[in-house]
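See below for the structure under consideration.
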Amino acid sequence: MAANNRRMSGKKGAQVGSGGQRRKGLEGRGPTPPAEMRKGHKKNRVANAKAKQAVRRPTPRGRGGKSTSELVVGRNPVVEALRGGVPANTLYVQQFIDNDERVREALQLAAERGGINLMEAPRPELDRMTNGLNHQGLVLQVPPYEYAHPEDLTGAAADAGEDPLIVALDGVTDPRNLGAVVRSVSAFGGHGVLVPERRAAGMTAGAWKTSAGTAARTPVARATNLTRALEAYKKAGLVVVGLAADGEAEVGDLQALDGPVVIVVGSEGKGLSRLVGETCDVRVRIPMPGGAESLNAGVAAGIVLYEAAGRRR
């Protein structure tokens with residue numbers, strides 16, 4: 001027995017240790033991920049199936065048509081989109097991603113909002129989806145925006161018993177300007193925004209974010225031909241007012257803002273296109289004592305909408 005004890009306790013030299021692995025194993029790994037993110041969990045399988053179906057499902061077309069799905073790529077853009085209330089149907093998270101503060105916030109925001117599928121995907125799949133962009137392991141899918149029909153905007157005014165107050169954009173290509181106009185229309189009691197189908201900004205994630213959530217309650221209609229849509233509004237009794245630096249009247253002197261009106265805003269620099277300008281009943285200018293040559297679409301629309309709202313009280 002003594003011999004056995006000597007063999008067991010008589011070793012000399014360094015002892016083989018755990019190399020710190022036992023201590024690391026005791027460290028916390030952060031909050032438990034949602035069930036949708038846990039591999040093998042029933043909710044994870046259901047979320048993955050729904051996400052795949054959403055990507056493959058053909059897009060139906062409504063009266064005003066729909067845009068295509070959009071991807072928001074990168075940790076900061078994804079977090080900012082979720083903070084800003086941008087609609088989303090799927091959040092793709094790279095497998096074995098470094099769980100930093102932005103990743104945790106994105107998962108928390110998606111879980112709190114509800115209705116957003118959480119799908120884990122390998123890096124090569126995210127690379128393919130984003131065409132090699134630097135996605136940093138986070139990709140947010142924004143569903144197609146369902147545009148209204150131009151007639152829906154006048155219909156909304158009729159339902160409310162009010163004279164239509166609509167803003168049409170001619171050649172405005174910056175989605176942030178579109179979002180700013182949507183926000184101004186909502187703030188001053190307008191009934192919607194009209195944009196052309198081609199060569200114009202659409203309701204992207206950037207437009208949604210700039211609208212500060214007002215895009216959820218202010219319709220955006222899309223017209224195949226802006227000139228024809230404006231002519232249809234004229235036949236319905238609306239006055240088409242175009243904003244132009246060389247307009248024949250000043251905004252403050254325009255009595256038409258009291259009644260049914262469409263305010264047409266052109267692009268910064270180029271202004272109104274020729275055909276649209278010829279379709280307008282009157283062209284007005286915004287006086288600028290400071291000497292600026294032009295205003296961007298969001299600012300110009302806000303000024304005229306403020307004037308119109310003051311006359312409709």
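The values are calculated or read from the model by the stated rules, or taken from the named source; none is laboratory data. Just so you know, these numbers come straight off a predicted model, no measurement behind them. A quick note on method: Cβ atoms are made from the backbone with ideal geometry, for glycine too, and the neighbour counts reach across all protein chains shown. Only protein heavy atoms, including side chains, enter the accessible area calculation; ligands, DNA and RNA are left aside. Shrake-Rupley method; radii C 1.70, N 1.55, O 1.52, S 1.80 Å.
For the reader, a short list of remarks on this structure follows.
- As for region 155-162, it holds no residue that is at pLDDT below 95 and within 20 Å of the chain's Cα centre (by Cα).
- Only one of Gly189, Gly132 that is open to solvent by 20 Å² or more (accessible area, probe 1.4 Å), assigned to a loop (DSSP other than H, G, I, E, B), closer than 30 Å to Arg102 by Cβ and of a type outside the set (S, T, N, Q): Gly132
- Residue tally, condition surrounded by fewer than 18 Cβ atoms within 10 Å (Cβ to Cβ), assigned to a helix (DSSP H, G or I) and hydrophobic (A, V, I, L, M, F, W, C), over region 260-298: 1
- Which listed residue, of Tyr306, Tyr233, is part of a helix (DSSP H, G or I) and either open to solvent by 70 Å² or more (accessible area, probe 1.4 Å) or among the acidic types (Asp, Glu) (or both): Tyr306
- Residue in region 237-253 that is in a loop (DSSP other than H, G, I, E, B), crowded, with 18+ Cβ neighbours inside 10 Å, modelled with pLDDT of 95 or more and not basic (Lys, Arg) present: yes
- Some residue of region 153-168 being of a type in the set (Val, Ile, Thr), surrounded by 21 or more Cβ atoms within 10 Å (Cβ to Cβ) and under 20 Å from Gly298 (Cα atoms): yes
- Scanning region 223-245 for residues that are without any contact (Cβ under 8 Å) to a residue 24 or more places away in the chain and charged (D, E, K, R) turns up Arg228, Lys235.
- Check on Asp152, acidic (Asp, Glu), touching a residue at least 60 places away in the same chain (Cβ under 8 Å) and not in a strand (DSSP E or B): yes
- Taking region 81-112 as the range and being assigned to a helix (DSSP H, G or I), touching a residue at least 24 places away in the same chain (Cβ under 8 Å) and surrounded by fewer than 13 Cβ atoms within 10 Å (Cβ to Cβ) as the test, only Arg83 passes.
- Being charged (D, E, K, R), open to solvent by 40 Å² or more (accessible area, probe 1.4 Å) and within 18 Å of Glu268 (Cβ to Cβ) holds for only one residue in Arg199, Arg217, Arg228, and it is Arg199.
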